[in-house]
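Okay, structure first, notes after.
The values are calculated or read from the model by the stated rules, or taken from the named source; none is laboratory data. Not measured: the values here are computed from a predicted model. Note that each Cβ is placed from the backbone with ideal geometry, even for glycine, and that neighbours are counted across all protein chains shown.
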Amino acid sequence: MDFGAALILTDRLSSWQQEKLRRRDTHGESKLIKLAKGAYVLSKDWRRLTPKQRLFLRVAALQHAVPGGVLTGQAAALAMGLSTWSGPGQMRIDLYLPEGRRPRRLPGVRLHRPKTGGTFPTSVTTVAGMPVRVVSPVRAALDAARFDGAAAGLVPLENAWHEGRLTGHDLDVQLDLLAGTPGMPYARKAREIATPYGESPAESISALHIAAVGLPAPLRQVSIFDGDGVFIGRVDFFFPDVGMILEYEGAAKTTGAEGRNTALRELHRSRGFHNLGMVLRHLDAETLRDPSALLGVKDLHRALQVRGRPVDRRFWAPPPSPEQWDRGVRYPTGSGSRHLPPDLRDCA
């Protein structure tokens, strides 16, 4: 079933269809669930939908009920295909009201008036078969941080930056426009942590937690080479002053049909790191739930500092800088690559 077809809009029904709708049973599968003014769904159809489909149906209903409204925050990020930290079932819908529209309390919806007078860039995306106006990816991410905390904003922010859908300049411009609005400390924290190197929500949240426990900011997505210049692998977090590597390892990474091959590849990488004198630690779901789980890593970093053995610069190379990333430069290494271009090896 096309879940968008489950949305019933009363102003698109004929008179006899509206009368038939009013006479429906108010119980059981024929019961109507109101999503917004003039927008309904049958109870039997609602039960078949996933949490994400339910959210999108509510978004489409809200856009119909509030013409000119602009979707923002986590729901906008999800509608644009970006990663989010909150699941669709726990997500509130945030909507900028059009000029002159009086706010009206709606369940599960937060209504906002834009400080910038409605002049921020918007676009139209299709949600549940309906055209929906959304803010730009950078505005959606910063609003997610303002409304729901730094983690909620950091995940879509890094995802959009990694995919080239925003730049560091875009971020700074939007931060200036939002100055003085509620929740700005969370938006600034997300900007402080954000890089274009986040390749998963888990990596983004790990970066936030690394900062929260007082560890120095690590380099991210660093390429590691052996003594012959052969590429060993690219790592999530790297502390070159002590030779410590942190990698997020999800439960699904070494399970399933490809799990054995993945485990062998990881073992080969780990041996390569170990042969260079590097120390590898894995992060998991526990570190995402509780930043204090990283305190042991902080103690290890302190102990390695006492040892005082920074990694020889010949064995690692940073990713393109954020400025290079914004110009379209990407990771130059891969399984078949042996050396990095000198201009990238020299950028710290």
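At-a-glance table
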{"quantity": "Qualifying residue in the range 2-16 (condition: assigned to a loop (DSSP other than H, G, I, E, B) and either in the same structural domain as residue 165 (by TED's automatic domain parsing) or within 31 Å of the chain's Cα centre (by Cα) (or both))", "calculated": "yes"}
{"quantity": "Failed condition for residue 211, given (1) surrounded by fewer than 20 Cβ atoms within 10 Å (Cβ to Cβ); (2) assigned to a strand (DSSP E or B)", "calculated": "(2)"}
{"quantity": "Residue in the range 61-71 that is touching a Phe, Trp or Tyr at 6+ places or on another chain (Cβ under 7 Å) and of a type in the set (Val, Ile, Thr) present", "calculated": "yes"}
{"quantity": "Residue within the range 93-106 that is basic (Lys, Arg), touching a residue at least 60 places away in the same chain (Cβ under 8 Å) and farther than 19 Å from residue 60 by Cα present", "calculated": "no"}
{"quantity": "Residue that is farthest from residue 139 (Cα to Cα) [pool: residues in the range 84-117 that are polar (S, T, N, Q), surrounded by fewer than 21 Cβ atoms within 10 Å (Cβ to Cβ) and within 22 Å of the chain's Cα centre (by Cα)]", "calculated": "90"}
{"quantity": "Count of residues meeting criterion [outside any helix (DSSP H, G or I), in contact with a Leu (Cβ under 9 Å, 6 or more places away or on another chain) and modelled with pLDDT of 90 or more] in the range 249-285", "calculated": "5"}
{"quantity": "Matching option when the condition is surrounded by fewer than 16 Cβ atoms within 10 Å (Cβ to Cβ) and in contact (Cβ under 8 Å) with a residue 40 or more places away in the chain, among 265, 330, 314, 302", "calculated": "314"}
{"quantity": "Qualifying residue in the range 181-200 (condition: under 30 Å from residue 275 (Cβ atoms), out of contact with any Phe, Trp or Tyr (no Cβ under 9 Å at 6 or more places or on another chain) and not aliphatic (A, V, I, L, M))", "calculated": "yes"}
{"quantity": "Of all residues making up the range 37-78, the number that are outside any helix (DSSP H, G or I) and surrounded by fewer than 16 Cβ atoms within 10 Å (Cβ to Cβ)", "calculated": "5"}
{"quantity": "Whichever residue in the range 118-129 is modelled with pLDDT of 85 or more and assigned to a loop (DSSP other than H, G, I, E, B) and, among such residues, is surrounded by the fewest Cβ atoms within 10 Å (Cβ to Cβ)", "calculated": "129"}
{"quantity": "Filter result (under 24 Å from residue 81 (Cβ atoms) and among the hydroxyl-bearing types (Ser, Thr, Tyr)) within the range 37-56", "calculated": "50"}
{"quantity": "Contacts under 6 angstrom Cβ, first residue in the range 1-26 being within 12 Å of residue 40 (Cβ to Cβ), partner modelled with pLDDT of 80 or more and loosely packed, with under 11 Cβ neighbours inside 10 Å, 6 or more apart", "calculated": "none"}
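Per-residue answers, yes or no, for (1) modelled with pLDDT under 95; (2) in contact with a strand residue (DSSP E or B) (Cβ under 7 Å, 6 or more places away or on another chain):
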position	(1), (2)
131	yes, yes
139	no, yes
153	no, no
158	no, no
168	no, no
180	yes, no
185	no, no
203	no, yes
